[in-house]
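The values are calculated or read from the model by the stated rules, or taken from the named source; none is laboratory data. Bear in mind the structure is a predicted one, so any value in this text is a computation, not a measurement. Neighbour counts are summed over all protein chains in view; Cβ atoms, including those assigned to glycine, are modelled from backbone coordinates with ideal geometry.
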Amino acid sequence: MPELPEEGADAPQDAPAENTPVDRAADDDAVFAQLVAGFDHPVDAEARSWPAAEDLSDLAPVARPRPVIKPLPRIQAIAPVDPRNWIPEESSEDDHYVPPPPPPLPQTATATRLAVAAVIVGVALTLYSAFGQLPGVGGMGAFLGIGLFVGGVGTLISRMREDDDEDDDPQRGAVV
């Protein structure tokens with residue numbers, strides 16, 4: 001392996017002050033060829049190419065004692081149960097589920113019932129006067145049917161519940 005000059009060493013007196021790029025490339029190629037040729041040769045452990053201050057042999061890791069591994073206690077296992085041979089206990093209480101009776105329907109207001117009746121009678125009266133003739137009524141049957149229908153729908157819409165829950169307003173912010 002070629003000897004490289006130390007960093008602080010002075011250059012030889014007979015060497016030119018500046019190496020030409022061609023000479024420098026040739027020197028680099030020669031050094032690289034020597035390194036490749038000596039790649040497979042064994043390295044002498046005593047010969048070192050670094051200063052003694054950088055020797056890390058004192059900092060080598062110290063072997064730690066191995067921890068003592070205790071064996072786990074043995075546990076007696078329970079024999080497995082075959083699910084095909086398992087029979088549940090019979091109970092007279094769990095025969096079948098009987099749902100509770102449904103709650104009663106809420107009572108409707110009289111105005112709501114009359115509005116629904118007006119919608120139904122209005123549709124029936126309009127259809128009957130359009131496809132059949134009512135004796136003595138003439139064109140008034142269709143007019144009366146449309147009036148009942150519009151009045152019933154208007155009443156139902158006006159009686160719809162308005163959910164004015166103050167807690168559901170997203171624009172109010174935090175409520176303290």
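Quick grid of which residues meet (1) exposed (fewer than 14 other Cβ atoms within 10 Å of the Cβ); (2) at pLDDT 85 or above:
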{"position": "Pro88", "(1), (2)": "yes, no"}
{"position": "Pro103", "(1), (2)": "yes, yes"}
{"position": "Ala111", "(1), (2)": "yes, yes"}
{"position": "Ala118", "(1), (2)": "no, yes"}
{"position": "Thr126", "(1), (2)": "no, yes"}
{"position": "Leu144", "(1), (2)": "no, yes"}
{"position": "Thr155", "(1), (2)": "no, yes"}
{"position": "Glu166", "(1), (2)": "yes, no"}
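Please work out if Val22 is at pLDDT below 85, loosely packed, with under 10 Cβ neighbours inside 10 Å and part of a helix (DSSP H, G or I). So Val22 fits the description; yes.
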